Amino acid sequence: MSVLVYIEHAEGSVKKTSLEAISYAKALSDKLSLGEVIAVALGAISTDELSKAGPAGASKVIHVGDQKLNDGIIQAHAEAVAQVYKKVGASTLVLAKSSLGDAVAARLAIKLDAGLVSNVVELPDATSGYKVKRSIYTGKAFAETMVNTENKILAVKKNAVDLKTDGPAVVVEEVTLEIPAADFVTSITSTDKATGEILLPEADIVVSGGRGMKGPENWGMIEELAKELEAATGCSKPVSDIGWRPHHEHVGQTGVKVAPTLYIAVGISGAIQHLAGVNSSKCIVVINKDPEAPFFKAADYGIVGDAFEILPKLIEAVKAQK
């Protein structure tokens, strides 16, 4: 038996969420004695990049380097992963909860006749059946789901597990698959990507600003703090609605949902829609001059004061620390 992990990568770099999925799979295998952890990567990616799977917990990576898989066409990815799953004799597929992962997992559940649990936050409890804890209602509650199928698919929530970094070197095996032409019926005609060095969905640190910044001309402080922290920048919905910042920076229930290690909110009151998009963050820091701002109730750390006085001091403190 084995556990298979579906690796996602962006522009040739393995996503941190996929490395977390590998670490989850390793802990799962150790707990339930499921055999070796094997990862599968599709499309163009270097062996050096795939070697990151070893420290995270994988013993082998199967690489299907078919150039047609570069575009992330869902049907083709699902077929490729299904073939590898059967080839290695896996009993469980683990992947990161993401837009691509959700679509691929749904198709694999049908192909493999597998039970699928998404937003997984803990290892399963197998003392009586197979019970999996998952996050629901945008992180406001948890549910326990029983899985009764022989094959199982677990989509792990970002930052739900600690990333393992002490595993041995990994073996990368190049494999060629016969994927039916029908699975490539979808084609990508164009792609518009958000610009910026660090994008919100993958960011480990996010610095967001709200209407308390008073205007787009003051966003330099947000950007400078983000640059010093190697963070992504975000904003509240009202800020993107009035055109101060681009819509792809809108963080919240109707925008981009984030789960960074650190989320810094500057001049954001904390409407429920915004909180729903950030409440999976490990640590939330709120800076607001209104001591009654709702965001303080959700914050791990709060600073009551004028952002225009606090941000310059915070930037200097970060520079000094570096």
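If you take the Cα centroid of segment 94-119 and the Cα centroid of segment 167-236, the two points sit 22 Å apart. Per atom type, the chain shows carbon and sulfur on 51% of its accessible surface, probed at 1.4 Å. Ignoring lysines fewer than eight residues from Lys164 along the same chain, the ones with Cα atoms less than 20 angstrom from its Cα are Lys15, Lys16, Lys26, Lys31, Lys52, Lys60, Lys97, Lys282. Remark: spin-label model distance Phe142-Thr47 equals 4.2 nm, labels positioned 7 Å along the Cα→Cβ axis. Relative to the dominant Cα principal axis of the chain, helix 220-229 is inclined by about 40°.
Calculated [222 nm] ellipticity per residue, helices only, for the chain: -8500 deg cm²/dmol; basis is -39500 (n - 2.57) per DSSP H run with n ≥ 4, divided by all residues, nearest 500.
Placing a label point 7 Å from the Cα of Lys131 along the Cα-to-Cβ direction, the residues of segment 143-169 whose backbone N falls under 15 Å from that point are 143-148.
Test of understanding: what is the full-extension gain from Ala169 to Lys111, defined as 0.36 nm times their sequence separation minus their Cα-Cα distance?
17.7 nm
Bridges between two residues of segment 1-102, per DSSP, are antiparallel at a rate of about 10%.
Taking a straight Cα-Cα cut-off under 17 Å and skipping sequence neighbours fewer than 8 places away in the same chain, the lysines within cross-link reach of Lys227 are Lys313, Lys319, Lys322. Each residue of segment 119-125 was assigned a 3J(HN,Hα) from its phi angle through the Karplus curve 6.51 cos²θ - 1.76 cosθ + 1.60 (θ = phi - 60°); the sequence is 6, 5, 10, 9, 5, x, 9 Hz, with glycine and proline shown as x.
Within a Cβ distance under 10 Å of Ala276, other residues only, what is the Lys/Arg minus Asp/Glu net charge? With Lys, Arg at +1 and Asp, Glu at -1, the net is +2. For Leu4, the shell of other residues with beta-carbons less than 12 Å away shows a net charge of +3, using +1 for Lys and Arg and -1 for Asp and Glu.
Close amide H partners of Gly302, meaning residues 5 or more places away or on another chain with modelled amide H under 5 Å apart, are Val286.
Using 1/(1 + (r/R0)^6) with R0 = 25 angstrom and r between the beta carbons of Met1 and Lys193, what's the FRET efficiency to the nearest 0.05? Given R0 = 25 Å and the Cβ-Cβ separation, E is 0.05. For the Cα atoms of the chain, what angle does the longest principal axis make with the long axis of helix 99-111, in degrees from 0 to 90, nearest 10? So the inclination is approximately 30 degrees. Full extension of the chain between Gln321 and Leu123 gives 67.6 nm of extra length, using 0.36 nm per residue less the Cα-Cα distance. These residues, Leu314, Leu199, Leu19, go from largest to smallest accessible area, 1.4 Å probe, as Leu199, Leu314, Leu19. A crude spin-label estimate for the pair Glu292 and Arg211, with each label 7 Å from Cα along the Cβ direction, gives 1.6 nm. Positive-end ranking of Leu225, Leu177, Tyr130 along the dipole of the chain, with charges on Cβ about the Cα centre, is headed by Tyr130. The listed residues Met213, Met1, Met221, once ranked by accessible area (1.4 Å probe) with the largest placed first, stand as Met1, Met221, Met213. When Rg and Dmax of the Cα atoms in Å is calculated for this entry, the matching label among (i) 21.1, 61; (ii) 34.8, 108; (iii) 21.7, 72 is (i). Annotation: amide H of Val170 within the under-5 Å range of Gly54, sequence separation 5 or more or interchain, hydrogens built in the peptide plane.
The values are calculated or read from the model by the stated rules, or taken from the named source; none is laboratory data. Note that the structure is a prediction, hence the values are computed from the model and not measured. Here Cβ is always computed from backbone atoms with ideal geometry, including for glycine, and neighbour counts include all displayed protein chains. The accessibility values were calculated without ligands, DNA or RNA, using every heavy atom of the protein model including side chains. Shrake-Rupley method; radii C 1.70, N 1.55, O 1.52, S 1.80 Å.
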